[in-house]
Amino acid sequence: MRNRVYFILTGIVCLGIVLACEVPQSVTIKGSPGIYTNLGSPFGKDNTLLDVLNGDGVEKRLGEGNGRTYTYTGDTTVKTYLISFPLIPAAPATTGVQVTETGDIPNLSLHEIADFLGGVQFKEVPAYLYISGLTTTSKMSLSSEISGQTTTLLNDVFIDTPNKFQLSKFEDLADGVEMWSVPITAVHTVSLKEVFNAKSKVTLKYTITGTTDGNPLKADLVVKLPLRFTPPPGAETIEAAEGTFVQLNLDALPKEDEDLFGRTNDGGDDLFSQLDWVKIDIQPVDNNSIDNLYLGMIRKSGNHSALSLDNRNDPGPEQFLDGELAWPFNPIRLLMRGSGEDLIVNPTPKGTATFDFQIAVEAKTKLNIKF
């Protein structure tokens with residue numbers, strides 16, 4: 001995105017040389033040209049942000065054939081997905097049969113969703129164990145393995161109501177059905193928040209042992225995944241006129257040590273080596289998808305500002321003067337409020353989610369370059 005500014009002005013200079021009556025051995029360009037260009041969307045024409053946040057984006061991060069994803073409509077305040085993992089397939093009713101079932105759910109990478117949003121963390125990930133057909137003296141263990149480290153989540157606990165198991169069958173919906181409207185109990189068996197906030201792929205491992213009780217046998221792990229996020233741990237705090245914010249590290253935006261104009265730190269000739277001023281204009285935002293997301297303008301003077309990325313009137317450009325334009329000049333940051341407000345993805349109907357904005361740059365520079 002930032003390189004487009006450099007290439008546009010370079011092209012203008014080269015065109016002037018080609019059109020000259022004679023080709024000189026050297027050309028010195030002097031003056032104070034201005035340039036205005038729309039750098040477009042940081043997310044690109046395919047808007048990868050929304051691709052990550054939709055149902056397909058969740059399903060891609062479950063590992064091959066691991067589970068089934070539904071859009072859960074039981075929460076009207078935050079987009080939520082329901083994910084079912086079969087542990088023991090449905091079997092006919094028997095009585096007094098000993099059962100030992102071990103298995104794993106490998107290559108879960110739901111952390112990539114939070115990472116894509118700049119390192120935020122899932123606020124909650126409740127998980128429910130639905131088990132039918134076993135006596136209440138039966139037991140289950142559940143653990144997570146992350147980068148070779150194993151953490152015990154359930155340690156040989158009885159499969160009963162006091163341990164918050166759902167003693168009933170979980171029935172997946174018919175093939176092709178994507179919406180889950182039946183309410184899920186508020187009492188979850190175990191939290192997977194720490195598991196899915198790990199910055200690495202996760203494998204869940206389980207063991208179920210017990211005796212059949214005469215009801216049809218079946219076991220499922222069901223995960224409710226609300227797209228509600230808290231700030232990254234240890235994130236940098238930024239004080240702006242509008243309040244206190246924390247910085248997110250969204251890959252779609254240039255990094256702090258990258259110059260918006262593609263300049264280097266070698267002190268050589270550059271079309272933008274002597275900038276007079278720069279104006280950055282955030283074009284009107286089209287967003288019905290994400291709440292509490294801001295674009296910050298970080299100034300070397302410390303007089304920061306934060307523009308809310310919601311549907312709003314254009315407040316006008318932010319201007320930076322000579323003293324703030326030293327390399328690397330890159331004032332754009334993605335922020336969320338740091339005062340207990342969560343980053344929330346809204347429950348929009350399928351195909352209606354929008355989130356995008358355009359960044360335009362106007363600059364004036366002093367040229368004294370010899371070709």
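Would you check if LEU154 is under 25 Å from the mean Cα position of the chain (by Cα) and modelled with pLDDT of 95 or more? Taking the combined requirement at face value, the residue does not satisfy it. Here PRO183 does not fit the description of being in contact with a strand residue (DSSP E or B) (Cβ under 7 Å, 6 or more places away or on another chain) and surrounded by fewer than 15 Cβ atoms within 10 Å (Cβ to Cβ). Of GLU124, GLU145, all but one fail to be under 19 Å from LEU192 (Cβ atoms), modelled with pLDDT of 95 or more and assigned to a loop (DSSP other than H, G, I, E, B); the exception is GLU124. Consider region 348-363 and keep the residues that are surrounded by fewer than 19 Cβ atoms within 10 Å (Cβ to Cβ) and touching a residue at least 12 places away in the same chain (Cβ under 8 Å). The one that is nearest to PHE229 (Cα to Cα) is THR348. Please verify whether region 53-60 includes one or more residues that are surrounded by 14 or more Cβ atoms within 10 Å (Cβ to Cβ), of a type in the set (A, V, I, L, M, F, W, C), closer than 30 Å to ALA360 by Cβ and at pLDDT below 95. Scanning region 53-60 turns up at least one residue that is surrounded by 14 or more Cβ atoms within 10 Å (Cβ to Cβ), of a type in the set (A, V, I, L, M, F, W, C), closer than 30 Å to ALA360 by Cβ and at pLDDT below 95.
Within region 187-209, the set of residues being farther than 18 Å from LYS60 by Cβ and part of a strand (DSSP E or B) comprises VAL190, SER191, LYS205, TYR206, THR207, ILE208, THR209.
Checking ASP115, ASP56, ASP104, ASP75 one by one, the residue that is outside any strand (DSSP E or B) and either under 30 Å from ASN215 (Cβ atoms) or without any contact (Cβ under 8 Å) to a residue 60 or more places away in the chain (or both) is ASP56 and no other. Do the conditions hold for LEU87, that is, is it surrounded by 15 or more Cβ atoms within 10 Å (Cβ to Cβ), more than 20 Å from THR230 (Cβ to Cβ), out of contact with any Lys or Arg (no Cβ under 6 Å at 6 or more places or on another chain) and modelled with pLDDT under 85? In short, no. Does THR95 qualify as being in contact with a Gly (Cβ under 8 Å, 6 or more places away or on another chain) and surrounded by fewer than 18 Cβ atoms within 10 Å (Cβ to Cβ)? Yes; evaluated as a whole, the condition is true for this residue.
The values are calculated or read from the model by the stated rules, or taken from the named source; none is laboratory data. Remember, predicted model here, so these are calculated numbers, not experimental data. Note that each Cβ is placed from the backbone with ideal geometry, even for glycine, and that neighbours are counted across all protein chains shown.
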